[in-house]
1. Just reorder Phe114, Phe146, Phe140 by solvent-accessible area, largest first, 1.4 Å probe, all chains present.
2. Given the options Pro344, Leu291, Met167, identify the residue whose Cα lies farthest towards the positive end of the charge dipole of the chain (+1 on Cβ of Lys, Arg; -1 on Cβ of Asp, Glu).
3. Could you tell me which label, among [x] 1.08; [y] 0.96; [z] 0.99, carries the value of Rg/Rh (Cα atoms, Kirkwood Rh) calculated for this structure?
4. I'd like to know which of Gly88, Thr58, Val111 lies farthest towards the positive end of the charge dipole of region 15-113, counting +1 on Cβ of Lys and Arg and -1 on Cβ of Asp and Glu.
5. Give the accessible area for Thr58 in Å² (nearest 10); use a 1.4 Å probe, count only protein heavy atoms, and leave out ligands, DNA and RNA.
6. Expressed as a whole number of Å, what is the distance separating the alpha-carbon centroids of region 324-386 and region 247-297?
7. Can you pull out the trypsin sites (Lys or Arg not before Pro) in region 142-229 that DSSP calls coil and that have at most 13 other Cβ atoms within 10 Å?
8. Determine the per residue accessible area of the chain with all protein chains present and a 1.4 angstrom probe, expressed in square angstrom.
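The values are calculated or read from the model by the stated rules, or taken from the named source; none is laboratory data. For clarity, every value in this text was computed on a predicted model and none was experimentally measured. Here the Cβ positions follow ideal geometry from the backbone for every residue, glycine too, while neighbour counts run over all protein chains shown. Quick note on the areas: whole protein, heavy atoms, side chains included, nothing else; ligands and nucleic acids left out. Shrake-Rupley method; radii C 1.70, N 1.55, O 1.52, S 1.80 Å.
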Amino acid sequence: MLDFPLRPVEEGLAKVLVPAEEVRAPKKAPVFYNPVMALNRDIAVLALRAFCKRSRKTVRACEPLCGCGIRGIRFALEVPDMGEVVMGDLNPRAISLTNENVRRNNVADKVRIFLSDANALMTSFSAPGERFDYIDIDPFGSPSPFLDSAVRSVKNSGLLAITATDMAPLCGIYVAACMRKYGSVPIRVGYAKELALRILVGALVRVAASHEMGARPVLCHATDHYARAYCIIRRGAGRASESVRELGYVAHCPRCYEREVLPGLLWSGDWACPSCGARRLVAGPLWIGRLIDKAFCEYMASELGEMNWIGRRTRKLLSLMMEEAGGPPTYYPLARLCDELQLPTPPVRAVIEALRERGWWASRTHLDPQGVRTDAPAKAVIEALRSLR
């Protein structure tokens, strides 16, 4: 079935063959491979290693949309406690190429490959005793069609990783599409990437809750053209209720830039801004709890010493996520804010120090190189910006 030109690629410890011509639209490629997602796969390997170390056991993983197989092969090569990787794809060419890449990397003893629809594959492992410790959903577009099968096929206290590349709906450009796929209303604001993550996690929480399962994110990032979330899934009606209580809304004032986080599945806030009276933009329902577990990130960071093949960009991303872990929801995009206020954009570090000197919590954010995450109200942020002119 390998009736198309190939080229060799090295990523992490894997050496694989991929289609010779780079095609970003998967429907036009004989087998889809996206080199831009190497960072995504680096973080996935680190997260899986951290999960194994924290759970202190050998794990079984599933990648039901495997493409050329590079992600699952990297799991088999780079995660010491990996027991088995189950991979699948509905494209016969992808299965043929994955089989060849598995052979080239000598991991056939750790890998099982299925020609199968992703939902059908996960469902076939959804019975007690067959479920996976880790499932990685990395589709082209929305992961929504796969969430139900995924939560039913992951073990209690297992880790579920999901990617969404349809950032236009999640960031408020196509509101109706976001409502259809994620059951949430997005808004177009300077921190839309964070809201995209919160909408993604919120959708997963609601799907998990319908099966009496709770979902708690341990690591979420929005990088390049996608949003990515790693969530621990725990069974039980109590766990489900705990997660649902972390759903709510974010209200944003387009005039004075104040934002308010309100808990609850039903909107119960005031549409008028309490600071200036302008009509607010409201996003939700979405996840309003923490997106990053600092302890989990520390486990990931502890693995870096043994992984000299992990690049500088991945290390910097992890460092930034650890810095902002525990911070409040939303951040201030300084370049956009200063442009609207007709102020020069000061260095991010200067703004952070100015806010800290005034008694506020503040940090950088991985979501925007010129963004500041802080518990300070918009009025205090604007005051700090004006003091730095």
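1. The ranking, largest first, comes out as Phe140, Phe114, Phe146.
2. Pro344
3. [z]
4. Thr58
5. Thr58 has an accessible surface of roughly 90 Å² with all protein chains in place.
6. Comparing the Cα centres of region 247-297 and region 324-386, I get a distance of 18 Å.
7. Details: sites: Arg152, Lys155, Arg180, Lys181, Arg188, Lys193, Arg198, Arg206, Arg228; in loops: Arg188.
Passing sites in region 142-229 do not exist.
8. That works out to 41 Å² per residue.
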